[in-house]
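Worksheet: one structure, shown below.
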Amino acid sequence: GNSVTQMEGPVTLSEEAFLTINCTYTATGYPSLFWYVQYPGEGLQLLLKATKADDKGSNKGFEATYRKETTSFHLEKGSVQVSDSAVYFCALSDLRKGMELSTGGFKTIFGAGTRLFVKA
Amino acid sequence: DAGITQSPRHKVTETGTPVTLRCHQTENHRYMYWYRQDPGHGLRLIHYSYGVKDTDKGEVSDGYSVSRSKTEDFLLTLESATSSQTSVYFCAISESKSGQGLFNEQFFGPGTRLTVL
């Protein structure tokens, strides 16, 4: 079945450091890939997405490229800020096997999350 | 921000008691989901709904039931709460979109922290 694996945390960086959070996936179809971010005490919110191979998603200085050949979707940011401290989730969304879109055909699988601490 | 509210936001209950969590949306989205979040597990899907009265099980559905009598409300019920159901519960909504490929972006509520003693 489909799965998502992301690097374990916590990741601790100094302000303005370069960030990489690795994410790899397994999927039988052609999934869409997402990064969600969760700030303390809040729900998840979408950070960026990519819907097909070689697409690059970007938002708020974060980027991730959908690499089908390496089944990866690594999150990067060139210069992190204290306000980026949060938990980051990689996710995969694909049509459920044998199901139609009209009956809830999508299935989204989340990675375990990577906590990022950024020090001033 | 997507209009999603969850109630209650915090609840402490005792083993064996029934508990109902409510998710309310104002976005008129078709799909609604209940997840639980536990350390080391990320988010795991409990149940989801693809329309009024249309629901299906997720990967961790044992001990939980759901109902959706209106588009805007999705209820999660623990018939007899156990300590293993202590968790943070998130509701999410989505609509499927096409144009740049078919995909399913989800919007999350603020969560309910449930403690079962």
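Listed by position, the strands (runs of 3 or more DSSP E) contained in segment B:3-61 that have at least 3 residues being within 23 Å of A:Glu42 (Cα to Cα), more than 9 Å from chain A (Cβ to nearest Cβ) and at pLDDT 95 or above are B:10-13, B:19-25.
So that you can scan it fast, the table gives a plain yes or no per residue for (1) among the polar types (S, T, N, Q); (2) at pLDDT below 95; (3) surrounded by fewer than 20 Cβ atoms within 10 Å (Cβ to Cβ); (4) in contact with a strand residue (DSSP E or B) (Cβ under 8 Å, 6 or more places away or on another chain):
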{"site": "A:Thr12", "(1), (2), (3), (4)": "yes, no, yes, yes"}
{"site": "A:Cys23", "(1), (2), (3), (4)": "no, no, no, yes"}
{"site": "A:Pro31", "(1), (2), (3), (4)": "no, yes, no, yes"}
{"site": "A:Ser58", "(1), (2), (3), (4)": "yes, no, yes, yes"}
{"site": "A:Lys68", "(1), (2), (3), (4)": "no, yes, yes, no"}
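In segment A:29-55, of all residues being farther than 16 Å from A:Phe106 by Cβ and over 13 Å from the mean Cα position of the chain (by Cα), the one that is nearest to the other protein chains (Cβ to nearest Cβ) corresponds to A:Gly43. Anything in segment B:79-105 that is modelled with pLDDT under 90, in a strand (DSSP E or B) and facing chain A (nearest Cβ under 7 Å)? List them, or say none. Those that are modelled with pLDDT under 90, in a strand (DSSP E or B) and facing chain A (nearest Cβ under 7 Å): B:Ser96, B:Phe103, B:Asn104, B:Glu105.
For segment A:25-101, please list each of the strands (runs of 3 or more DSSP E) lying entirely inside it that holds at least 3 residues being within 15 Å of B:Phe108 (Cα to Cα). Reasoning before the result, please.
Numbers: elements: A:32-38, A:44-50, A:56-59, A:62-65, A:75-77, A:86-95.
Those strands (runs of 3 or more DSSP E) span A:32-38, A:44-50, A:86-95.
The values are calculated or read from the model by the stated rules, or taken from the named source; none is laboratory data. It should be emphasised that the depicted structure is a prediction, and the values quoted were computed from it without experimental measurement. Note that each Cβ is placed from the backbone with ideal geometry, even for glycine, and that neighbours are counted across all protein chains shown.
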